[in-house]
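A short worksheet on the structure shown next.
Please treat every number below as a calculation from the coordinates, not as lab data. Since the structure is predicted, the reported quantities are computational estimates derived from the model, not experimental observations. Here Cβ is always computed from backbone atoms with ideal geometry, including for glycine, and neighbour counts include all displayed protein chains.
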Amino acid sequence: MKKNISNYIKSLALFTVLFGTCLNGYSQDQKQEFSVSVGGPFSFVKSTSSGDFLPANGFNAGLRYAYYLNENISLSLGAEYQVYTGQSKFTTLGGQYSATDAESESFQFRYSAVNFREKQNLSYINVPIAIQFETQGSTRFFIAAGAKVGFALKSTYESSAENLTTSGYYPQYNVELFNPAFAGFASTNDFKSGKQDFDTKVSYSATFETGIKQAVGDKSAVYLGVYVDYGLNNVFDKTGDKNLIQYNPDLPVQLKHNSVYDSGLARDMRLVSFGLKLRFAMH
């Protein structure tokens, strides 16, 4: 994944240089603009969930090259680093399924959690393509719209609960075991799973930005505006057929804690970002 992204960024940089060179050759009177930007604070993972969805904060930083078709209209291409965060909350949840222990005994593994939360943290490289219209003068109103393609760099999740109880019911003996802990049966307060990786796919988003562009001298300007990026596709489209807490018969038992997206408790993961954006431009 990282190698593919690196190759893509190199290709994008080469394309940007060639694109700018060709446009210069076409018309020396047209203007070019290079800018750097930061934006936020709302940048989160949006989903459909049987629990509560809690938006969280994130940020973006990027570079952009723009070519002016005339004094008012420009086309732009860029690259942005974007962090998305999210949180799924369940007051109570539980489950049960058939399993086999270390002694090859069949039993029913059971789990229940109180105030269960899962936090997601996703890092993406987004490539925005947009068209911008702006008025004339030293202080200009601008409006831009386009699309973004996002490539995942790293995606992690972390689970926690006020209490997590696991047990094993053996129907052949009509007994439910709540211990020992080394067999995977315990009641744990202030449970935390630690960070774990999961795979997310390419994101496609619609983007919109509007605000004020203020000239600073002859060859630079400052943009201040509001923006919205809305994900058009599900970036985690797996079947969601895994158990939230997966039993492992090897002693001592190390339970695996899957994501709420792996288990189907949450689905349709889309990436959303909006807020304020500040850009410094030179031409």
Placing +1 on each Lys and Arg Cβ and -1 on each Asp and Glu Cβ in the chain, then taking the dipole about the Cα centre, the residue among P171, F198, F141 whose Cα reaches farthest towards the positive end is F141
Percent relative contact order for the chain, counting Cα pairs under 8 Å at least six residues apart, stands at 20 percent
The aspartates and glutamates whose Cα lies under 13 Å from the Cα of K277, excluding any fewer than 8 residues away in the same chain, are E80, E209, D229
Taking a straight Cα-to-Cα line shorter than 19 Å from K238, and setting aside same-chain lysines fewer than 8 residues away, one finds K46, K119, K154, K201, K256
Correct response: the longest run of the chain lacking exposed chymotrypsin sites (Phe, Trp or Tyr not before Pro), defined by DSSP loop and at most 14 other Cβ within 10 Å, is 1-172
Computed for the chain: size of charge dipole around the Cα centre, +1 on C-beta of each Lys and Arg, -1 on C-beta of each Asp and Glu, debye to nearest 20, value 820 debye
Per DSSP, the loop-located trypsin sites (Lys or Arg not before Pro) within region 98-200 having at most 15 other beta carbons within 10 Å are K195
Per-residue ellipticity at 222 nm attributable to helices in the chain (runs of n ≥ 4 DSSP H, -39500 (n - 2.57) apiece, nearest 500 deg cm²/dmol) works out to -3500 deg cm²/dmol
Out of F34, G51, I125 - ranked by how far each Cα lies towards the positive end of the dipole of region 2-282, with unit charges on the beta-carbon of charged residues - the top one is F34
Of all GluC sites (Glu not before Pro) in region 99-206, the ones in DSSP coil with at most 13 other Cβ atoms within 10 Å are E103, E105
